[in-house]
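No value in this document is a laboratory result; all are computed from the given coordinates. Given the structure is predicted, the values throughout are model-derived calculations rather than measurements. Cβ placement follows ideal geometry from the backbone for every residue including glycine, while neighbour counts extend to all protein chains displayed.
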Amino acid sequence: MRYFGTPSSPAIRAAMTAGRIACMTTPAQGNRIPPGATWAADNGKFGKGWPGHARWYEWLANTVDRYGPDRCAWAVAPDVPFDAEGTLAESLPWLPRIRALGIPAAFAAQDGCEDGLIPWDDFDVLFLAGTTEWKVGDVARRLTREARERGKTIHMGRVNSAARLRLAADFGCESADGTYLAFGPDLNLGRLTGWLDDLDDRPTLLQHLWTAQPQGAP
């Protein structure tokens, strides 16, 4: 499991450079990505950091130019939080433009997207967004299995506890992000890396199953 956080202290930046955790960046953060860190680009739609389509894409293109595409895990297309129909309409024009930058495109899955509102062929990463109840429920679990069978990577957003991180791993997510490191950064860094170590030492049953059987097997 890979965890994406903000580079909010020297210790966290060092952990990112060492590959212990990864870096999440947004248009509003203005943070430098630590040297050698794996990074991902959120769009700022959830919260107050959305700069508009033109400025967001310019920022993304400049970030890829500056840090290179090779360490970019993905960039999430513009979405409409908690609105599946709005997200589909908002994301579709931008998914191919993200891929054109040479990086994987992520699609933010929202409540109701399971009703034919997921453009499976147009993205590389299924980003579990939506309400907490939906994101941790049976529908999202089923979508992660379908995504895996389709060869997609799965990411869960807003993961800020050991229990939620474990749930993301049980779902089959390869990565997660959250704001946990923004509060008491250095103390919480130790806790977070402990959670990750625990997952590495005690893989979930689902992870065993995915490893044991070929991708797409029933």
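Kindly identify segment 1-97 as rounded, prolate or oblate by the Cα gyration tensor criterion: order the square roots of the eigenvalues as a ≥ b ≥ c, call it rounded if a/c is under 1.5, otherwise compare a/b with b/c, prolate if a/b is larger, else oblate.
Prolate, since a/c reaches 1.5 and a/b exceeds b/c.
I need the phi-derived Karplus couplings for segment 16-27: 6.51 cos²θ - 1.76 cosθ + 1.60, θ = phi - 60°, integer Hz, Gly and Pro marked x.
For segment 16-27, the Karplus curve yields 5, 4, 6, x, 6, 9, 10, 10, 9, 10, 9, x Hz.
Rounded, prolate or oblate: pick one for segment 2-212, where a ≥ b ≥ c are the square roots of the eigenvalues of its C-alpha gyration tensor, a/c under 1.5 means rounded, and failing that, prolate if a/b is larger than b/c, else oblate.
Oblate.
With +1 on each Lys and Arg Cβ and -1 on each Asp and Glu Cβ, how big is the dipole of the chain about its Cα centre, in debye rounded to the nearest 20?
Dipole about the Cα centre, nearest 20: 600 debye.
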